[in-house]
Amino acid sequence: ENVVHPTGQSNEQQPTPLTRRSKMQKELNAASLIDSTTIPRGVKIVKKAALSIVMGMYVVHPIIMLWLFRSPELFSLLGVFQIYHKCSGTLTRRWNACLKHAAMNIFLFFPSLGGIWLWFQSRLSLRRKLLITFSCLLGFKISVDHVFLFRVPSTTNLAGKVAMITGANRGIGFATSVALAELGAHCIVTCRSLSKCQHVVEQIKSKGGTATAAVLDLNSLNSVMLLSKYLSTEFPTINYFFGNAGTTPQYDLTAEGFENAFGSQYLAHMALGEFIVEFDQVVRAC
Ligand SMILES: NC(=O)c1ccc[n+]([C@@H]2O[C@H](COP(=O)([O-])OP(=O)(O)OC[C@H]3O[C@@H](n4cnc5c(N)ncnc54)[C@H](OP(=O)(O)O)[C@@H]3O)[C@@H](O)[C@H]2O)c1
């Protein structure tokens, strides 16, 4: 029944208060470039979902990335460091890793482009525009950090220094060996197989660096002893030790009967450190 109010308006004409949902709906419609009445319902739903996702990513994404960049262990856990180092260290051999790295960058920049597009096209409130602008700047800063933060300054000069890297034939160990050699250090590259080591030495030499190949199997303390004896005579001082070699646990035992990961990644590295006369810096790979 139509009841007439003192204001003269009937029940039907009473304006209903805007719910949160309908407010969002209104904002999304306002953000739409095309008049919402002319596009089919399915397209509208997809468009709204896409806009919401881009908006969400654009605000949340930089915060997550900042958190990850401030916790390198987490970052490393995600394999991002690995991809990055493999890419910069083995550019010619690891196209696959480089493609992944490029994809990572697209993932970093895509939300930024989406956010900028929204910023220009939408009729959002000032508060939201400011939030997006802030996120944009933060995202840009983090992206720049991604490129520069973890790089060794090229002015560093390690001429006359000796660095020893375990597990130098691939991955982080290989990239580190090449990077240290490029900075002037003489690298002792250790690998399980001599032929793999020699390949690394050749790569370093082709870039103008110097390196020595040495065999080291961390599954055997005897191998550690042999290497230590060799090093104590040939390289009495080692300035940098990068204990990098290791894999995910293999669920088997070392030659001495220790659990593989503990025996090779911890015990053997510690033994190596004990045997070698002098280190300036000892680094354990993340
Ligand atoms: N990449 C990551 O995201 C990540 C995350 C957490 C920890 N880490 C650690 O960082 C280190 C390097 O990572 P990565 O990704 O560069 O690994 P990777 O590509 O798998 O390379 C591992 C290296 O360690 C050597 N190695 C493995 N077991 C060995 C043993 N018993 N004796 C001697 N050498 C051995 C391998 O030699 P072979 O070629 O002969 O097998 C290889 O050169 C590892 O210790 C890994 O556990 C990496």
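The values are calculated or read from the model by the stated rules, or taken from the named source; none is laboratory data. Keep in mind the model is a prediction, meaning the values are calculated, not measured. FYI the Cβ positions are ideal-geometry reconstructions off the backbone, even for glycines, and counts take in every protein chain you see. Remember, those area values only see protein heavy atoms, side chains included, never the ligands or the DNA or RNA. Shrake-Rupley method; radii C 1.70, N 1.55, O 1.52, S 1.80 Å.
Might you check whether a residue that is in a helix (DSSP H, G or I) and either under 27 Å from the mean Cα position of the chain (by Cα) or modelled with pLDDT of 95 or more (or both) occurs anywhere in region 232-244?
no
Only one of these conditions is not met by ALA285: (1) aliphatic (A, V, I, L, M); (2) more than 10 Å from the ligand (Cβ to nearest atom); (3) modelled with pLDDT under 90; (4) under 27 Å from the mean Cα position of the chain (by Cα). Which number is it?
Of (1) aliphatic (A, V, I, L, M); (2) more than 10 Å from the ligand (Cβ to nearest atom); (3) modelled with pLDDT under 90; (4) under 27 Å from the mean Cα position of the chain (by Cα), only one is false for ALA285: (2).
Taking region 187-218 on its own, how many of its residues are open to solvent by 40 Å² or more (accessible area, probe 1.4 Å) and not in a helix (DSSP H, G or I)?
Residues that pass the stated criteria total 6.
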